[in-house]
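S.K.: One structure coming up, written as structure tokens, with questions to follow.
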Amino acid sequence: MGIFLRVQPQVEAFNASIPAEPQLYELSNGAGIYLIDAGTEEVMRTDFIFRAGMVREYLPLLATTTNMMLAEGTLNYNARELSSTLDYYGIFMNLYAEKDIAGLTLYFLSKHARKAMELAGEILFRPVFPGNELDLMMKKRINWFRISRGKTQNLAMDNFFEAIFGSRHPYGRKVTEADFGKMTSQLVKDFHSMHYSPEEMTVLVSGKINGNITGLLEDFYGGLSSGYIYREDPENILSESRERKIKIAKRGSVQSSFRIGKRTINKRHPDYPGLKFLNTLLGGYFGSRLMKNLREEKGYTYGVHSSVSSFDLSGFMVISTDVGRQNAEKAAGEIFSELKRLQASPPTDEEMEVVRKYMMGEILRMFDGPFSIADSFRSVLDFGLNFDYYHRMAETIKSVTPDEIMRLANAYCKPEDMYEIKAG
Amino acid sequence: MISFSRFTLPNGMRVIVHYDSSTPLVAMNLLYDTGSKDEDPSKTGMAHLFEHLMFCGSANVPEYDLPLQLAGGENNAFTNNDITDYYLTIPAGNIETAFWLESDRMLQPAFSQEKLDVQKSVVIEEFKQRYLNQPYGDSMHLIRPLAYKVHPYRWPTIGMDISHVASVTMADALEFFRTFYSPRRAVLALAGNINPDKAYNLAGKWFGPVNGNIQFPRDLPQEPGQNKARDLYVERNVPADALYKVWHIGRRGDSDYYTLDLLTDLLAGGDSGRLYNRLVRELRMFSEINAYITADIEPGLIIMTGKIMKGTDLKKAESALNEVIDNLKDKEPAEDEMEKVRNKFESATVLSNTNIMNKALNLSVNELLGDPGLINTEVERFRAVTGPMASAAARKYLDSGNCTTLYYKSTGRK
């Protein structure tokens, strides 16, 4: 027998396989339905999406409270009956209210599609917002709120948003304990009737779709309409803090949580795919510059991550890390020197190549299976974009040059523009 | 139904393949039958620290992550009481790169003193981030050594104390590798676009030459039965009081396992569970409450955790919790409540098997438990639990003498 040499196997090129655009159907009331029929197991997911996020609220907590209260009692089910019925049919419910979007996602076995659609109709369009349930909800939430204030990561993130979006805009406004006392059933009812309009919702169905799902949706929702249509509130204005370096003390803390970043372009901007590439190289994956420097070389932290995210009206870039107090200033110094390095010299071709391959693999993973496809579709749909965004992204991954990364760093990642929030 | 092929290499490594041609990817899960229960009590945290060291290069691979990323792969790992698990996904055409990388670090990791020092710092920061710098983060460090007096489940996987991690030497780490990282202790599962023949050939080619180390028999001290309640009061700078209660149960493979799983679902299966309905919705004494079983291979625990509403007395909250438990012991649950938890379990099981990474992990774990085919009978076994069985299990296990309680009091300061 010859000696077996453990040499690295040949690596094959591979392509991102971005699926065809989901087709749009319209219910008779005008609501849009997208279907993604894929997968091997008999399971489905339905996303009901509304422009009912925090950006629409004129009081803090209104969007999240309205959303969370949807399942606390409806015309035909009280809160307890509703949760038992969902569980009886093995339907998993996720209610969510983000900065721009709010809604409901259900996961269920395909055979229970009819029941799932019926219950979604109850939750979304027939909630009654009972006062006693609202009272309990606010009691629970204030308890959760106090616990979350005990975490330096949350303190740092809230102050970061306030710094880059302003204390008066819903993107940046901080919640206080007093806000929990202000919710009333009437406020929540009004917010619901303005922002959960059946004719303005978007529905995304994914998984192994059995039977006539569009017929079911038409039966349950096609005839629903609402009298209210929301108009933009011109008073919501984004602003930035003048102070760029903010420290929040936290007694007994053994680590400092950093959020370093700034407001930036969002998904609709042509430079966005390039900025995503830059971000990955800087701190978006395990092999990134920040992870190598702060974790793998210096052992300052368990993890450091950089991300670029989009909101409807803006976007932001943020570098996050938790560092032992003794190394906090050194770690922040390294983050800033990495930002400067990006501006001063182009990355090598070798480094670019690793990021290209890694990101190409990520695109494959983003479209693996019906629910991943649904997630990827949702994250462009909310911006009025389609899969074309991913084709542009794939093209950028293949062709962006080191000089272009340097240009983007100088345009979007100037160290002097960064806000530095430190909690603990 | 998840189909699979299974074979064992001459060196003792077990391989399971689930072929799914609908994905362009392959998930690889490499499970080592070693976890924090195998640690020296004076060097806790070793298994998890070693997981970090496995990413610091090996005999023929200077850096683990780089070639994987160049092949479009993504990976991570976790350690618990029982196992250390390494997992990745990669475009199907590049799966051989994964075989090369994983087999090389099973053959011989190659971390330096410098890398060891850096990873010790990283793990110490992880310890701080997840356990010391979080409200209630030390709760398991407090309750485990009270519930377990001799069994190694008495310390959490991260380690009992930072000083244990800080004191690990090169010799300690290498000895841990020699003792526990052997093909005989490894289960390799592949799920995705790879057919069993190809998997067999690649496994033989890359893992076949890795020699089996001497098999050290596992000889863990067995925990004596507990028949007297144990309590601990602590005060911490947290915003609300919290209550933690644990009861000893059997092994994951025991006949009562699914009965206990169902029992905790009856109690705490989300917002329709008994604990939530009674203690949060009706009495408003807790702001959140949860119960689960630890799914440990050695005799494990039922764990209940709750945060107390402001203004509620901790002892009164505990009495209300005990009433819910007593009610389950005294009165068998009605059939529709039983059917609800069974249906929810079925739905959760099917949903978790829609992802190739989960399938690969579940197949590996079931192989470790004795048969990967168990993955296909979980729902059936859960469905076989009856109301009388659930009440009998509540009487047997949720006994006050078998219980350890941690009263976690808020100092009330901000």
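S.K.: Residues that are in contact with a Leu (Cβ under 8 Å, 6 or more places away or on another chain) and within 14 Å of chain A (Cβ to nearest Cβ): which strands (runs of 3 or more DSSP E) entirely in the stretch B:1-84 hold 1 or more of them?
M.R.: By residue number, B:14-19, B:25-32, B:74-79.
S.K.: Next question, about the same structure. Residues to consider are B:Ala334, B:Ala320; find the one that is surrounded by fewer than 21 Cβ atoms within 10 Å (Cβ to Cβ), within 14 Å of chain A (Cβ to nearest Cβ) and of a type in the set (A, V, I, L, M, F, W, C).
M.R.: None of the others qualify; the one that does is B:Ala334.
S.K.: Still on this structure: From the list B:Val187, B:Val280, B:Val238, which one is away from chain A (no Cβ under 14 Å), touching a strand residue (DSSP E or B) at 6+ places or on another chain (Cβ under 6 Å) and among the β-branched types (Val, Ile, Thr)?
M.R.: B:Val187
S.K.: Continuing with the same structure: Let me spell it out: the conditions are (1) buried (at least 17 other Cβ atoms within 10 Å of the Cβ); (2) touching a Gly at 6+ places or on another chain (Cβ under 8 Å), and A:Pro60 meets all of them except one. Which number is the exception?
M.R.: (2)
S.K.: Would you please name the residue that is nearest to B:Ala171 (Cα to Cα), looking only at residues in the stretch B:99-126 that are within 9 Å of chain A (Cβ to nearest Cβ) and small (Gly, Ala, Ser)?
M.R.: The residue in question is B:Ser121.
Residue-wise test of (1) out of contact with any Pro (no Cβ under 8 Å at 6 or more places or on another chain); (2) outside the structural domain of A:Lys99 (by TED's automatic domain parsing); (3) within 17 Å of A:Phe160 (Cβ to Cβ); (4) part of a loop (DSSP other than H, G, I, E, B).
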| position | (1), (2), (3), (4) |
| --- | --- |
| A:Gly252 | yes, yes, no, yes |
| A:Leu278 | yes, yes, no, no |
| A:Gly283 | yes, yes, yes, no |
| A:Ser306 | yes, yes, yes, no |
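S.K.: Return yes when A:Arg45 is farther than 28 Å from A:Tyr358 by Cα, within 13 Å of chain B (Cβ to nearest Cβ), touching a Gly at 6+ places or on another chain (Cβ under 8 Å) and not hydrophobic (A, V, I, L, M, F, W, C) and no when it is not.
M.R.: In short, yes.
S.K.: So which pairs qualify, if the first residue must be in the stretch A:65-90 and within 8 Å of chain B (Cβ to nearest Cβ), the second must be of a type in the set (Asp, Glu) and surrounded by 22 or more Cβ atoms within 10 Å (Cβ to Cβ), the Cβ gap must be under 7 Å, and the two must be at least 6 apart or on different chains?
M.R.: A:Ala79/A:Glu72
S.K.: For A:Leu124, which of the numbered conditions (1) under 18 Å from A:Thr74 (Cα atoms); (2) without any contact (Cβ under 8 Å) to a residue 40 or more places away in the chain; (3) outside any strand (DSSP E or B); (4) not polar (S, T, N, Q) fails to hold?
M.R.: (2)
S.K.: In addition: Among all residue pairs at least 6 apart or on different chains, which show Cβ distances below 6 Å where the first residue, located in the stretch B:94-112, is assigned by TED's automatic domain parsing to the domain that holds B:Gly73 and under 9 Å from B:Phe207 (Cα atoms) and the second is assigned to a helix (DSSP H, G or I) and of a type in the set (Lys, Arg)?
M.R.: Pairs that qualify, where the first residue is assigned by TED's automatic domain parsing to the domain that holds B:Gly73 and under 9 Å from B:Phe207 (Cα atoms) and the partner is assigned to a helix (DSSP H, G or I) and of a type in the set (Lys, Arg): there are none.
S.K.: Taking the stated definitions as given, is B:Thr264 closer than 30 Å to B:Thr23 by Cβ and in a helix (DSSP H, G or I)?
M.R.: Against the criterion (closer than 30 Å to B:Thr23 by Cβ and in a helix (DSSP H, G or I)), B:Thr264 does not qualify.
S.K.: Then there's this: Is it true that A:Lys292 is in contact with a Leu (Cβ under 6 Å, 6 or more places away or on another chain) and either surrounded by fewer than 22 Cβ atoms within 10 Å (Cβ to Cβ) or within 30 Å of B:Asp20 (Cβ to Cβ) (or both)?
M.R.: No.
S.K.: Here's another thing I want to ask about it. All but one of (1) surrounded by 15 or more Cβ atoms within 10 Å (Cβ to Cβ); (2) polar (S, T, N, Q); (3) under 30 Å from B:Tyr131 (Cα atoms) hold for A:Thr396, so report the exception by its number.
M.R.: Failed condition: (3).
S.K.: Go through the stretch B:336-361 and give me each residue that's touching a residue at least 40 places away in the same chain (Cβ under 8 Å) and within 17 Å of B:Asp261 (Cα to Cα).
M.R.: Residues satisfying the conditions are B:Glu337, B:Met338, B:Lys340, B:Val341, B:Arg342, B:Lys344, B:Phe345.
S.K.: Across the stretch A:55-64, which residue is farthest from the other protein chains (Cβ to nearest Cβ) among those that are on the phi < 0 side of the Ramachandran plot and in contact with a helix residue (DSSP H, G or I) (Cβ under 6 Å, 6 or more places away or on another chain)?
M.R.: A:Arg56
S.K.: Looking at B:Pro221, B:Pro217, B:Pro239 in this structure, which one is modelled with pLDDT of 95 or more and either part of a loop (DSSP other than H, G, I, E, B) or in contact with a Phe, Trp or Tyr (Cβ under 7 Å, 6 or more places away or on another chain) (or both)?
M.R.: Testing whether each residue is modelled with pLDDT of 95 or more and either part of a loop (DSSP other than H, G, I, E, B) or in contact with a Phe, Trp or Tyr (Cβ under 7 Å, 6 or more places away or on another chain) (or both) leaves just B:Pro221.
S.K.: Tell me, please, whether a residue that is within 24 Å of the chain's Cα centre (by Cα), assigned to a helix (DSSP H, G or I), facing another protein chain (nearest Cβ under 8 Å) and surrounded by 21 or more Cβ atoms within 10 Å (Cβ to Cβ) can be found in the stretch B:130-145.
M.R.: Among the residues of the stretch B:130-145, not one is within 24 Å of the chain's Cα centre (by Cα), assigned to a helix (DSSP H, G or I), facing another protein chain (nearest Cβ under 8 Å) and surrounded by 21 or more Cβ atoms within 10 Å (Cβ to Cβ), which makes the answer no.
S.K.: If a residue counts only when it is of a type in the set (A, V, I, L, M, F, W, C) and under 30 Å from B:His141 (Cβ atoms), which helices (runs of 4 or more DSSP H) contained entirely in the stretch B:307-414 have at least 2 such residues?
M.R.: B:314-330, B:356-368, B:387-397
S.K.: Only one residue in B:Leu363, B:Leu406 is closer than 29 Å to B:Gly192 by Cβ and among the aliphatic types (A, V, I, L, M), so which one is that?
M.R.: Of the residues listed, the single one that is closer than 29 Å to B:Gly192 by Cβ and among the aliphatic types (A, V, I, L, M) is B:Leu363.
The values are calculated or read from the model by the stated rules, or taken from the named source; none is laboratory data. As the structure is a prediction and not an experimental result, all values here were calculated from the model. In this analysis, Cβ positions are derived from the backbone assuming ideal geometry, glycine residues included, and neighbour counts consider all displayed protein chains.
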